[in-house]
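Novice: Take this structure, written in structure tokens, and hold onto it; I'll ask about it next.
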Amino acid sequence: MTITADPFPGIPAPPGARAGDWEQNLQYDGFSRALTWCSYGSRRGASVDVDGRQESDGGVFTRHVSIWGIAEGEAMSSVDARRLAALLITAADEMDRL
């Protein structure tokens, strides 16, 4: 279940993050929302985000690096592997800066 009106106006998104809509958390009691600080990559191939989740129980949030656009075990060329490695380093540096 997604909530479109902000049911938790007293819980701001962390500085610099774009926040998604609050959604019912099916693992834990309460609600959470997706957070994204930055995205690197292109429309083709893999992309790398600094993202996380924020819980409705006081605004606690996580931050991590995620890889999108490739399947587990997917083969890639050395060029694509180096491109992904560069994106990961860029995202890790940005996460450290945050």
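The values are calculated or read from the model by the stated rules, or taken from the named source; none is laboratory data. Everything numeric in this text was worked out from a predicted model, so none of it was measured. Every residue, glycine as well, gets a Cβ built from its backbone with ideal geometry; the counts of neighbours run over all protein chains shown.
Novice: Mind listing whichever residues of the stretch 29-51 are within 19 Å of Pro15 (Cα to Cα) and without any contact (Cβ under 8 Å) to a residue 24 or more places away in the chain?
Specialist: If the condition is that a residue be within 19 Å of Pro15 (Cα to Cα) and without any contact (Cβ under 8 Å) to a residue 24 or more places away in the chain, then Arg33, Ala34, Thr36, Ser39, Asp51 are the ones that fit.
Novice: So, in the stretch 58-83, how many residues would count as being within 19 Å of Thr36 (Cα to Cα) and either of a type in the set (Gly, Ala, Ser) or more than 16 Å from the chain's Cα centre (by Cα) (or both)?
Specialist: Qualifying residue count, the stretch 58-83: 4.
Novice: Tell me, yes or no, whether the stretch 17-37 has at least one residue that is part of a strand (DSSP E or B), modelled with pLDDT of 95 or more and polar (S, T, N, Q).
Specialist: The answer is yes, given that some residue of the stretch 17-37 is part of a strand (DSSP E or B), modelled with pLDDT of 95 or more and polar (S, T, N, Q).
Novice: Taking only the stretch 24-77 into account, find how many residues are surrounded by 17 or more Cβ atoms within 10 Å (Cβ to Cβ), of a type in the set (Gly, Ala, Ser) and closer than 22 Å to Ala92 by Cα.
Specialist: Summing the residues that are surrounded by 17 or more Cβ atoms within 10 Å (Cβ to Cβ), of a type in the set (Gly, Ala, Ser) and closer than 22 Å to Ala92 by Cα in the stretch 24-77 gives 4.
Novice: How do the pairs read when you match residues in the stretch 8-19 that are of a type in the set (Lys, Arg) with residues anywhere that are surrounded by 13 or more Cβ atoms within 10 Å (Cβ to Cβ), using Cβ under 6 Å and keeping only pairs 6 or more apart or on different chains?
Specialist: Arg18/Thr36
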